[in-house]
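Presented below is the structure to which this report refers.
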Amino acid sequence: MTGKSKSFMQNLMKPFKFYSSKEGQGEEDLEKIAAQEQKLFAFETLVAATKDFNPSNKLGEGGFGPVFKGKLSDGREIAVKKLSQSSNQGRKEFMNEAKLLARVQHRNVVNLFGYCVHGEEKLLVYEYVANESLDKLLFRSQRREELDWKRRYDIICGVARGLLYLHEDSHNCIIHRDIKASNVLLDDKWVPKIADFGMARLFPEDQTHVNTRVAGTNGYMAPEYVMHGHLSVKADVFSFGVLVLELISGQRNSTFNLSLDAQNLLDWSYKLYKKGRSLEIMDPTLASSAVIEQVAMCIQMGLLCTQGDPHLRPTMHRVVVILSKKPSNLEEPSRPGVPGSRYRRSRRPAGLSSTGGTSVESDFNSFDTSCNNTNSASATSSTSSRNTRNDPHGKRPMHS
Ligand SMILES: Nc1ncnc2c1ncn2[C@@H]1O[C@H](COP(=O)(O)OP(=O)(O)OP(=O)(O)O)[C@@H](O)[C@H]1O
């Protein structure tokens, strides 16, 4: 290895040490890396690129604050995420997202170009992903028909590969914790990019247990995570399974049509599957493009991913293998878990959605967690400190 590439690798690895050791130093470290790797953007550059954060350039608003479209002088299109001063999501999650993304590079994960600090303002600069987020296409727009079966299947495969990379192939195991349709961006060639790492957790190899708090989005959260705080890669597998069933049915799990005589999308899919009628969940707009054996296989796989028992869910590795083969015999899925059941039980009757897909963080915190594929976790303590009531986005900074 040359001296230059060695120092590049050392720089890439640095944040790991700070993430798991001293709080605060990580920020300084990230700035150094950003500067050395020319990832540090001058505020003026971003002002010019976004026409002074002109409202007409606003792409949307998430838990961090507004996101603006911009164009750099070299022609690159960017999306600038501006941490709003009043955001409860906070500095810590911002730093979390910046640090994680700074060393993650995969075709199916959104690319972070850089980072900017200007006084109190903090900004993240991403590649601009042209085709909006998946939820806007799938659930809200006239453009839904553009999502034919091939595109949906490619999205399922791409998200699966992105998640496999995060779980197994990146420098460390990263659990995203908030896989959902609005966190999948589609580029101009319909390639899916996993976005929004504010809630992701990094698990250094030498550290299998981390105390965490429950964060995620109702309708997507694995039951063992919501109920007991057991966090493992299988929580992402569960959310992925929900996403697969949403892509096939065109129905949002969190606002599921209760007249269909089922508690939620998973329950409905499972009941039909058991009767040998799983294809009835298929979005009617897929009728002309669907490859029936593939759809049936993906429904079964979605049900395997959302099984109540996390040990029975496949790993993302297995999911990618399943997707890369011709439809073959898969095992029988057992009953699905009830997503976000902790909220449902406490606030409304089972089966009704509580937030319509907005990310939440529960006051149920401090758990042992594991990045292994099995959950060996048990609760260590419980210190309730915050809830989501005052946060319009339902997100809270994490505490490690
Ligand atoms: N790199 C990007 N390219 C294009 N659009 C983007 C990009 N990043 C975010 N957006 C858009 O900006 C909006 C806000 O995104 P952001 O990730 O901040 O929040 P969110 O995922 O919508 O909500 P939440 O923070 O509650 O999960 C979204 O509508 C998304 O489509």
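The values are calculated or read from the model by the stated rules, or taken from the named source; none is laboratory data. Please read these numbers as outputs of a predicted model, since none were measured by experiment. Counting neighbours? That spans all protein chains shown, and the Cβs are built from the backbone with ideal geometry, glycine included. These area figures cover heavy atoms from the full protein model, side chains too; ligands, DNA and RNA do not enter into them. Shrake-Rupley method; radii C 1.70, N 1.55, O 1.52, S 1.80 Å.
Taking region 263-278 as the range and being over 22 Å from residue 315 (Cβ atoms) and in contact (Cβ under 8 Å) with a residue 12 or more places away in the chain as the test, the residues that pass are 263, 264, 265, 267, 268, 278.
Scanning region 89-121 for residues being at pLDDT 80 or above, within 13 Å of the ligand (Cβ to nearest atom) and not in a loop (DSSP other than H, G, I, E, B) gives a total of 4. Scanning region 156-182 for residues that are polar (S, T, N, Q) and either touching a Ser or Thr at 6+ places or on another chain (Cβ under 7 Å) or at positive phi (or both) gives a single hit, 182. Of the residues 64, 43, the single one that is closer than 20 Å to residue 197 by Cβ and modelled with pLDDT of 70 or more is 64.
A single member of 272, 279, 243 is in a helix (DSSP H, G or I) and within 19 Å of the chain's Cα centre (by Cα), and it is 243.
With respect to the conditions (1) out of contact with any strand residue (DSSP E or B) (no Cβ under 6 Å at 6 or more places or on another chain); (2) of a type in the set (D, E, K, R); (3) modelled with pLDDT of 95 or more; (4) surrounded by 17 or more Cβ atoms within 10 Å (Cβ to Cβ), residue 275 lacks only one, and its number is (4). Scanning region 163-190 for residues that are of a type in the set (Ser, Thr, Tyr) and either assigned to a loop (DSSP other than H, G, I, E, B) or in contact with a helix residue (DSSP H, G or I) (Cβ under 6 Å, 6 or more places away or on another chain) (or both) turns up 170, 182.
Quick one: how many residues across region 132-162 are assigned to a loop (DSSP other than H, G, I, E, B) and open to solvent by less than 20 Å² (accessible area, probe 1.4 Å)?
Residues in region 132-162 being assigned to a loop (DSSP other than H, G, I, E, B) and open to solvent by less than 20 Å² (accessible area, probe 1.4 Å): 1 in total.
Of all residues in region 224-250, those being surrounded by fewer than 20 Cβ atoms within 10 Å (Cβ to Cβ) and either modelled with pLDDT of 95 or more or touching a helix residue (DSSP H, G or I) at 6+ places or on another chain (Cβ under 8 Å) (or both) number 2. Condition first: more than 10 Å from the ligand (Cβ to nearest atom) and in contact with a strand residue (DSSP E or B) (Cβ under 9 Å, 6 or more places away or on another chain). Now tell me which residues in region 57-79 satisfy that. Those that are more than 10 Å from the ligand (Cβ to nearest atom) and in contact with a strand residue (DSSP E or B) (Cβ under 9 Å, 6 or more places away or on another chain): 57, 70, 71, 72, 76.
Among residues of region 192-203 that are at pLDDT below 70, those with a beta-carbon under 8 Å from a residue that is within 8 Å of the ligand (Cβ to nearest atom) and polar (S, T, N, Q) at least six positions away or on a different chain give the pairs 198/89; 199/359.
Note on region 137-155: residues that are within 14 Å of the ligand (Cβ to nearest atom) and in contact (Cβ under 8 Å) with a residue 12 or more places away in the chain amount to 3.
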